[in-house]
Each structure stands twice: as structure tokens, then as C-alpha cells.
Amino acid sequence: MPTLSYIAALNQALRDEMARDERVCIFGEDVCLGLTGITKGLAEAHDGRVVDTPLSEQAFTSLATGAAIAGQRPVVEFQIPSLLYLVFEQIANQAHKFSLMTGGQASVPVTYLVPGSGSRSGMAGQHSDHPYSLLAHVGVKTAVPATPSDAYGLLLSAIREPDPVAVFAPTLLMGTSEEIDGDLDAVPLGSARTHREGTDVTVVAVGHLVPVALQVAADLAGEASVEVIDPRTVYPVDWETLGKSISRTGRLVVIDDSNRMCGFGAEIAATAAEEFGLAVPPKRVSRPDGAVIPYALNLDHALLPDALELTKAIRAVLRR
């Protein structure tokens, strides 16, 4: 079977949508050059629709909002996830609210694409954040694809949405590939994916932690049957799929690469405790409260959720 890399999947999604819909355009720094690889070759194929912007995230994010209101379908690429803090006002207070504040008379179909999100293995505090929980908190539709096929399908759906959507592409997945059986297609937002079925405990894993969870589940196969679910979108959440699994196993561990306080894992754990009949209290595996990733590589790794922490958490809920 042919293989597809994560970066190539994002590039192909943009290429296919730009060919299908002439309203799709791309704004960002070095996007004509394709510095991240995601927009490589698109400027040559679509003259004038891929725009290198000045070094001002506030300016080109606002530009994208205006372009979307005027009928275009812009994709904004942010090279570093921490840049989202600079444009949070434009996303959360302008683009996200505009349709609601006009009574649905206008829509803002803009996609925020964040390649290289999360730790970059020694890229330090201002380059290593993974703030998908922040956008989910305010109600911005937010996807974190874990596989190349999901990266393709979720980005396609994001561009076609009438509302703003953020797509986070984790650094640790950028070099991965997947064998593809059949044609690629759009993946609906709000649709989870069960990667491994199990009966003893449900593990909800986000982004690059999905393969970590699958490896841990395989390693523990002799002592526990672990179900691994990837929510794919952290807002909206596919509560139906998660609820059926958690209610069946009665045990839950969430592993996600956001800070513990008010992180995505907290929302899953709280909802499960309230609604899904847990047999034992859930466990979270995440970054610590208020984590700022240091430059020193050993400290960087010490603050990130990993297989060892997940294994301990699974065993802890199984003992209860």
C-alpha cells in the first residue's frame, strides 16, 4: 500500500481544496517558500492565492477575518503555537463571535493551521506550548489530528466549515507516515476514532500521544485490555463515543499534552465522573500546572507526559 507522511497529508489537503474551491487562500510568514513543508509548491500552482505576510500576526489574522467575511476561505499558518497568544483577541473575540453577534447573517470560514505545536525537543519556553485547550475553552472548533489520514481529513473539514476552526499539527508527528488503503476523504469534526478496542480501561489520548497510548496498550496486553480512543477534535467532543466506552469499562485515563490546570484532560475526567458511571476515580496524565518548557533537553522531557506515566496511571485505576 502507498504511504503518506503527515506533512504531505496537510499539503495535499490544501492542494485539493484550492483546486476544488477558488475561494481558498493562504496567509502567513514564508508560506510561498513553504518553510514548514505544508504549503510547499502551492504558490506556484495558485498564483496570487498564497500570500507571504509581514511579521505581524495580529495584522494578517485580522486580514483573514475580513477576507472570510467578504466571502473567501482563508487558511492562516502560524509557525509557532505561542503566536496564538498574540492573536487571541482576533480569534476569540472577533472571528469566533461575529456570526453570533450578527444573528447568523454573516459567517467567518477561516482556518488557523498550527504546525509544529507542542514541545520541539529543546526549543524552550516560547516555542513549545500546545494551547488547544485555550481555544476549546472559548468554543472555537479545534482539531488535533494524530495520523496523516486524519490530518488530511480534518483539515479538509476545517476549510469547509462556515465557522473558524483551529487545526494543531503536533511537532512529534511531523515526521511520521501511514500506509493508506483507499481514497482519502474529509473527517467530520466532532467524530472520535477508536484505535484499539478493550474491556478493562478506556484511555483517551490526544495528538502525538495516540501512538504512545497504543504502544502502552500493547505492552500491557498480558495484564489488561486497554481501549484507546482519539477524540480527534477537542471541541466539539464526541461524547457519544467516549461515553459508550467509559460506561462499558468503568475506568478512565486521559493523556494529553496540555497543562494540567483547566486542560482538556480535566474536562474529560469531570464529564466522565458526572455522567458515565465510573467504577473508580479517573486519572490524568499531562504537563504539570503552569508548565513552561525549559531549554535543557532533560528538563523538557521531564515535564512532558510519557509512556511511563501512562502505564502507572493505567495500573493505578486497575488496582482500585
### Query
Are any residues in segment 233-262 open to solvent by 30 Å² or more (accessible area, probe 1.4 Å), under 27 Å from residue 289 (Cα atoms), in contact (Cβ under 8 Å) with a residue 40 or more places away in the chain and charged (D, E, K, R), and if so, which ones?
251
### Task
Can you work out which of the residues in segment 68-92 that are open to solvent by 40 Å² or more (accessible area, probe 1.4 Å) and part of a helix (DSSP H, G or I) is nearest to residue 171 (Cα to Cα)?
85
### Query
Quick check, is residue 38 closer than 19 Å to residue 173 by Cβ, open to solvent by less than 10 Å² (accessible area, probe 1.4 Å), β-branched (Val, Ile, Thr) and at pLDDT below 95?
yes
### Query
Would you say residue 30 is in contact with a strand residue (DSSP E or B) (Cβ under 9 Å, 6 or more places away or on another chain), of a type outside the set (S, T, N, Q) and surrounded by fewer than 17 Cβ atoms within 10 Å (Cβ to Cβ)?
yes
### Summary
Flagged in segment 199-240 as over 20 Å from the mean Cα position of the chain (by Cα) and over 15 Å from residue 313 (Cβ atoms), in numbering order, are 199, 218, 221, 222, 225
### Query
Here are some residues: 62, 82. Which one is at pLDDT 90 or above, more than 27 Å from residue 20 (Cβ to Cβ) and within 24 Å of the chain's Cα centre (by Cα)?
82
### Message
Going through 302, 218, 270, 291 one at a time, which residue ends up being within 21 Å of residue 144 (Cβ to Cβ), of a type in the set (A, V, I, L, M), without any contact (Cβ under 8 Å) to a residue 24 or more places away in the chain and open to solvent by 10 Å² or more (accessible area, probe 1.4 Å)?
### Response
270
### Query
For segment 31-76, how many residues meet the condition of being of a type in the set (A, V, I, L, M, F, W, C) and without any contact (Cβ under 8 Å) to a residue 40 or more places away in the chain?
13
### Message
Here is a check on your reading of the model: is residue 118 in contact with a His (Cβ under 8 Å, 6 or more places away or on another chain) and under 29 Å from residue 287 (Cα atoms)?
### Response
yes
#### Entry: Pick from segment 93-151, criterion β-branched (Val, Ile, Thr) and not in a strand (DSSP E or B), ranking: modelled with the lowest pLDDT
102
### The one condition in (1) under 21 Å from the mean Cα position of the chain (by Cα); (2) modelled with pLDDT of 95 or more that residue 301 fails to fulfil
(2)
### Task
Report yes if residue 144 is among the hydrophobic types (A, V, I, L, M, F, W, C) and either surrounded by fewer than 24 Cβ atoms within 10 Å (Cβ to Cβ) or without any contact (Cβ under 8 Å) to a residue 60 or more places away in the chain (or both), otherwise no.
no
### Message
Between 173, 214, 252, which is within 27 Å of residue 2 (Cβ to Cβ), hydrophobic (A, V, I, L, M, F, W, C) and touching a Phe, Trp or Tyr at 6+ places or on another chain (Cβ under 9 Å)?
### Response
173
### Summary
Of the residues in segment 93-129 that are within 24 Å of residue 300 (Cβ to Cβ) and among the hydroxyl-bearing types (Ser, Thr, Tyr), the one that is nearest to the chain's Cα centre (by Cα) is 117
### Query
Counting residues that are more than 21 Å from residue 136 (Cβ to Cβ) and of a type outside the set (Val, Ile, Thr), which helices (runs of 4 or more DSSP H) fully inside segment 209-306 reach at least 1?
209-219, 239-249, 297-303
### Task
Restrict the check to segment 57-67 and report whether at least one residue is open to solvent by less than 40 Å² (accessible area, probe 1.4 Å), part of a helix (DSSP H, G or I), closer than 30 Å to residue 105 by Cα and in contact with a Pro (Cβ under 6 Å, 6 or more places away or on another chain).
yes
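The values are calculated or read from the model by the stated rules, or taken from the named source; none is laboratory data. What you see is a predicted model; the values in this text were computed from it and never measured. With ideal geometry, Cβ positions are generated from the backbone for all residues, glycine too; neighbour counts draw on all protein chains shown. SASA here: full protein model, heavy atoms, side chains in, ligands and nucleic acids out. Shrake-Rupley method; radii C 1.70, N 1.55, O 1.52, S 1.80 Å.
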